[in-house]
Amino acid sequence: MVSYYDKILAGIAVSLVGGILLGTFTAVTLNTGILLGALAASGFVYHAMFENPPLPTSDPRVAATVIVWHAVVFVIALSVFLE
């Protein structure tokens, strides 16, 4: 049986792979494709973290996960715009 979090992980993976494919096979640069995929994956991360969190929201691991995810997206965005 596929659980809710399995679907979330699949959505994140498909978003990121879709961004890579977009950057590889279209006129969009690879870094921009990855950024767009990461932004789409952010929707799945937000839904999993805030709509149906696996841990109580007072758990410090929730905040740490959100901070790390935003740092990754920020670094990708910087790499796109600093090319």
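For the stretch 25-82, what are the residues that are exposed (fewer than 11 other Cβ atoms within 10 Å of the Cβ) and in contact (Cβ under 8 Å) with a residue 12 or more places away in the chain?
Residue satisfying the conditions is N52 alone.
Restricting to the stretch 1-19, what's the tally of residues that are surrounded by 15 or more Cβ atoms within 10 Å (Cβ to Cβ) and closer than 21 Å to L78 by Cα?
5
List the helices (runs of 4 or more DSSP H) inside the chain, counting only whole elements, that have at least 3 residues being over 15 Å from the mean Cα position of the chain (by Cα).
On the way: elements: 4-25, 30-46, 60-81.
Correct list: 4-25, 60-81.
Readers should treat all values here as calculations from the given coordinates under stated rules, not as data from a laboratory. Values in this document were obtained by computation on a predicted structure and should not be read as measured data. Positions of Cβ are generated from backbone atoms using ideal geometry, with glycine treated the same way; all protein chains shown enter the neighbour counts.
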